[in-house]
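The structure appears right after this line, and notes come after that.
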Amino acid sequence: MIYYPSCETIERNDCNVCESENARVRRCALIHKNYYSTLLADPNNVNTWVNGILQGDIFIYPETNGDYDGGVGRFGRGFASAQETLLAYNFSVNITDPDYQGNVMHWGKLAGNKNYYLAFCSESVMAISTRVCNIIPVNPIDNDLKTEVTWQVQFRWTDYELPLQYTIPDGVFQCGGWAPPVFSGIGWMTIGTTNIVG
């Protein structure tokens, strides 16, 4: 619940940003709740991502088309002269996954599952939800001979905190090619991606 914002220490805004960020949810990942704290301890470490992927705690969706609503406020009664109080946000991310065939078991098992956090990426920024998501996959088929059948998936969660933001780790949001990190003598190296973590 957000009630006393004046008690918070608020960081200064950055008004000297030289580059704009282009939109669209272009790729995303699901992170199991048992691995969430491990990933957040070092979210830009490629080896942490690869380990999570290889042991089945992270699912990667490398090419998506979608949107994020930014959060819709939930309000309660106000106090003193305030008409209302911001209690939390309802968040929603909607994606289209083009990998339709062969994934009915995958999305079927995830439907209604509340064990996963969502990471989603715009052009260069990766956001990670602060709560587990409700996952709602559907696969409609239009009456159109030229329309592609895809998975349309909605992820919903509620929290009073906005999603955390990071730079997108290189070589993670791809279809396969991950390998366990090995020690090269000068540092840990992930074979099969373009990343070397020294």
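Would you say I136 is out of contact with any Cys (no Cβ under 6 Å at 6 or more places or on another chain) and surrounded by fewer than 15 Cβ atoms within 10 Å (Cβ to Cβ)?
no
Mind checking which residues of region 117-165 are within 13 Å of L30 (Cα to Cα) and among the small types (G, A, S)?
A119, A127, S129
Pairs under 9 Å by beta carbon, first residue in contact (Cβ under 8 Å) with a residue 12 or more places away in the chain and farther than 15 Å from M126 by Cα in region 20-39, partner small (G, A, S) and not in a loop (DSSP other than H, G, I, E, B), six or more apart or different chains?
Short answer, once both residue conditions are applied: H32/G52; Y35/G52; T38/G52.
Across region 66-87, what is the number of residues that are closer than 26 Å to C121 by Cβ and not in a strand (DSSP E or B)?
Qualifying residue count for the region: 3.
Which members of region 22-34 meet the condition of being outside any loop (DSSP other than H, G, I, E, B) and either over 22 Å from C175 (Cβ atoms) or out of contact with any Phe, Trp or Tyr (no Cβ under 9 Å at 6 or more places or on another chain) (or both)?
Selection gives K33, N34.
What do you reckon, is A88 loosely packed, with under 14 Cβ neighbours inside 10 Å and among the hydrophobic types (A, V, I, L, M, F, W, C)?
Judged against the criteria, A88 is not a match.
Looking at N51, N94, which one is in a helix (DSSP H, G or I), crowded, with 17+ Cβ neighbours inside 10 Å and either polar (S, T, N, Q) or within 15 Å of the chain's Cα centre (by Cα) (or both)?
Result of the check over N51, N94: N51.
Values in this text are rule-based calculations from the coordinates and carry no lab data. Here the structure is a predicted model, which is why all the values come from computation and not from measurement. Every residue, glycine among them, receives a Cβ derived from its backbone with ideal geometry; neighbour counts consider all protein chains shown.
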